[in-house]
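Visitor: Take this structure first; my questions come after.
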Amino acid sequence: MPSLVRARRAVVALFLSGALLVTTAACGGDGSQSMTTSADSTPTSSASFEQQKLAKTRFVANAGLAAGATYQWIVKPYRAGKFKKGADGRTFALVKAGLAGAFTYNRLKAALNNAKGDPLLSKAVAPLSAGIESLKELGTKLRKGEATDGDIGSFDSIINKVKEAGKSAGAEVVDKVPSTSQLSGG
């Protein structure tokens, strides 16, 4: 009987490990891995093509998560008045907005890194680097309840510019709302 329990635990652990690897690969990464197909680590044209294809796919995934988080937990609650003093659920909305701000910044930085793998996409998003960098401290402002109309507008504006840049490079970004556990890094 104990060996059956150990076997079940091993199968569950193996399954969860595989699921974690699949979701980690699907959500992007730092893009530092290079794809090669030959034994001497020399990239071929097909490896370059695959790398570019994956760069666009990862860019779309990361930018889509950033866009979804911004709209769902920053723009939408702000427009609904959830951040105003005395509003019901204000503290919780501000904490979630702060987490979403940090998450958005992180995913946009990952998307910029992913874009480096595709020449057309890289050129399209290069001018957005400074704008994305300006979002770095806004997560903290949101969490503390110090965000203004301009701060919320800058999140929305940067997301729209990233979407436009992706679309112009053939990588259309669609909003994908992350789960609350993804926001908190879990």
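None of the figures in this text is laboratory data; all of them are computed from the coordinates on show. These numbers come from a predicted model, not from an experiment. Neighbour counts are summed over all protein chains in view; Cβ atoms, including those assigned to glycine, are modelled from backbone coordinates with ideal geometry.
Visitor: May I ask you to evaluate 6.51 cos²θ - 1.76 cosθ + 1.60, the Karplus curve with θ = phi - 60°, for each residue of segment 160-173 and list the ³J(HN,Hα) values in order in whole Hz, giving x for glycine and proline?
Guide: 5, 5, 5, 4, 5, 4, x, 4, 5, 9, x, 10, 5, 9
Visitor: Could you work out the pair-distance distribution P(r) of segment 89-186 from its alpha-carbon pairs, with 10 angstrom bin width and percents rounded to whole numbers?
Guide: Calculated over all Cα pairs of segment 89-186, the distribution is 15, 46, 30, 8, 0 percent.
Visitor: Now for a separate question. How large is ³J(HN,Hα), in whole Hz, for each residue of segment 103-111 in order, when computed from phi with the Karplus curve 6.51 cos²θ - 1.76 cosθ + 1.60 and θ = phi - 60°, using x for Gly and Pro?
Guide: Residue by residue, segment 103-111 yields 4, 4, 4, 4, 5, 5, 5, 5, 5 Hz.
Visitor: Order 163-171, 86-94, 123-131 from most to least packed using the mean count of other Cβ atoms within 10 Å.
Guide: On the way: 163-171: 17.8, 86-94: 13.2, 123-131: 15.3.
Going from most to least packed, we get 163-171, 123-131, 86-94.
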